[in-house]
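What follows draws every value from the coordinates through simple rules; no lab data is involved. Predicted model, so just to flag it, every value in this text is computed and none were measured. Using ideal geometry, Cβ is built from the backbone for each residue, glycine included, and neighbour counts are taken over all protein chains shown.
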Amino acid sequence: MSLARIPFLKQLISSFFDLAPILAVVTIFQLLVIRQPIPDLTSLLFGTLLVVVGLTFFVQGLEQGLFPIGESMAYSFAKKGSLMWLLIFAFSLGFATTVAEPALIAVGDEAAKVAAQGGMIENNDQSMKSYALGLRLTVAFSVGLAILIGVLRIIRGWPLPYLIIPGYIGIMIMTIFAPAEIVGIAYDSGGVTTSTITVPLVTALGVGLASSIKGRNPMVDGFGLIAFASLTPMIFVMAYGMIL
């Protein structure tokens with residue numbers, strides 16, 4: 001049997017080629033532009049190996065765990081025919097996955113430090129932890145609401161632009177009135193929420209739900225939940241900053 005036919009080794013090779021462009025860019029600029037040797041080459045190579053292996057396990061986990069469970073639960077709720085429980089599940093899924101996002105935790109901690117240094121909040125651990133937690137919960141609530149609206153859109157068959165365009169118009173208006181210190185954090189919050197934990201489960205939920213409802217096209221109706229998940233945090237975080 002060829003090694004390439006073994007699923008894990010095949011994914012390992014694929015992960016390496018996915019990271020190859022990044023390694024090529026870093027190497028070229030380090031050697032040809034900066035013209036300095038790569039510092040601590042051994043650690044760099046070992047770290048790259050860990051990234052490749054970690055990415056391989058992550059993709060395998062998505063394919064074997066998160067994608068199937070997301071789709072199967074969507075099928076189950078559609079078969080059950082309970083709109084209320086489906087919407088509660090959609091909100092809970094969006095909230096729980098966002099609270100657990102490592103990227104959001106990191107952004108919240110950094111935002112709290114900068115807010116303390118800038119005099120927006122008291123410069124002590126308690127105030128910074130409270131600010132970071134408030135930011136995380138605000139973003140998590142907004143994503144939960146976004147997934148709920150997105151699921152309702154799939155069920156009702158509403159066109160995606162009818163919801164996305166007004167949302168971004170609202171963001172542009174709020175940007176004018178929101179404190180300048182919170183605008184950048186709000187825009188970044190929209191990006192960090194759509195990361196490693198949220199995206200797989202939410203995507204599987206949308207595709208599975210659209211596939212299980214008669215008259216819905218998974219390609220047209222199943223995608224778009226992530227767009228809501230990146231839009232609503234901008235609105236809620238700017239509102240959070242305006243209230244504080």
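Need one word for the range 138-197: rounded, prolate or oblate. Basis is the Cα gyration tensor (sqrt eigenvalues a ≥ b ≥ c); a/c below 1.5 gives rounded, then a/b vs b/c decides.
Note, shape of the range 138-197 comes out oblate.
How big is the convex hull of the Cα atoms of the range 72-171, per residue, in Å³?
Cα-based convex hull of the range 72-171, divided per residue, equals 118 Å³.
At Leu31 and Leu9, where each label point lies 7 Å from the Cα along Cα→Cβ, what is the point-to-point distance in nanometres?
It works out to 2.9 nm between the two label points.
Grab every C-alpha pair in the range 191-244, bin the distances at 5 angstrom width from 0 up to the longest one, and report whole percents.
Pairs per bin, as whole percents: 4, 20, 22, 17, 15, 10, 7, 4, 2, 0.
Might you report the magnitude of the Cβ-based charge dipole of the range 22-155 about its Cα centre, with Lys and Arg at +1 and Asp and Glu at -1, to the nearest 20 debye?
360 debye
Going Cα to Cα from Lys214, which lysines come in below 29 Å? Please leave out same-chain ones fewer than 8 positions away.
Result set, ordered by chain and number: Lys79, Lys80.
Compare Ile171, Ile22, Ile34 in a GNM of the chain, Cα atoms joined below 10 Å, and give the one with the largest fluctuation.
Largest GNM mean-square fluctuation: Ile34.
Considering amide H positions built from the backbone, and no H for Pro or chain starts, which residues 5 or more places from Ile197, or on another chain, come under 5 Å of its amide H?
The list, which skips near neighbours in sequence, is empty: none.
Using θ = phi - 60° and the Karplus curve 6.51 cos²θ - 1.76 cosθ + 1.60, what whole-Hz ³J(HN,Hα) does each residue of the range 153-163 get, with Gly and Pro shown as x?
Whole-Hz 3J(HN,Hα) from phi for the range 153-163: 4, 5, 5, 7, x, 5, x, 4, x, 5, 9.
Rank Leu41, Leu86, Leu209 by mean-square fluctuation in a GNM of the chain with C-alpha springs under 10 angstrom and give only the top-ranked residue.
Result: Leu41 has the largest fluctuation of those listed.
Let me know the charge dipole size of the chain about its Cα centre in debye, to the nearest 20, where only the beta-carbon of Lys, Arg (+1) and Asp, Glu (-1) is charged.
Roughly 840 debye, rounded to the nearest 20.
Could you check the simple spin-label distance between Lys79 and Tyr187, using points 7 Å along Cα→Cβ, in nm with one decimal?
Placing both labels 7 Å along Cα→Cβ, they lie 4.6 nm apart.
Assuming 0.36 nm per residue, please report the length gained on full extension of the stretch Leu152 to Thr42 beyond their Cα-Cα distance.
34.4 nm
Semi-axes of the equivalent ellipsoid for the chain, please: Cα gyration tensor eigenvalues, times 5, square-rooted, ordered largest first, whole Å.
In descending order, the three semi-axes are 33, 30, 16 Å.
Taking the alpha-carbon distance from Lys129 and a cut-off under 19 Å, which lysines remain once sequence neighbours fewer than 8 residues away in the same chain are dropped?
The qualifying lysines are Lys113.
Set Lys and Arg Cβ to +1 and Asp and Glu Cβ to -1, take the dipole of the range 1-132 about its Cα centre, and tell me which of Ala115, Phe8, Phe58 lies farthest positive.
Ranked along the dipole, the leading option is Phe8.
In deg cm²/dmol and to the nearest 500, what is the mean residue ellipticity at 222 nm of the chain if only DSSP H runs of at least 4 residues count, each as -39500 (n - 2.57), divided by the residue total?
Computed mean residue ellipticity for the chain: -26000 deg cm²/dmol.
Go ahead and set up a Gaussian network model of the chain, Cα springs under 10 Å, then flag whichever of Val33, Val143, Val220 fluctuates most.
Val33
For the range 27-129, divide the Cα radius of gyration by the Kirkwood radius and give the resulting Rg/Rh value with two decimals.
Radius of gyration relative to Kirkwood radius: 1.18.
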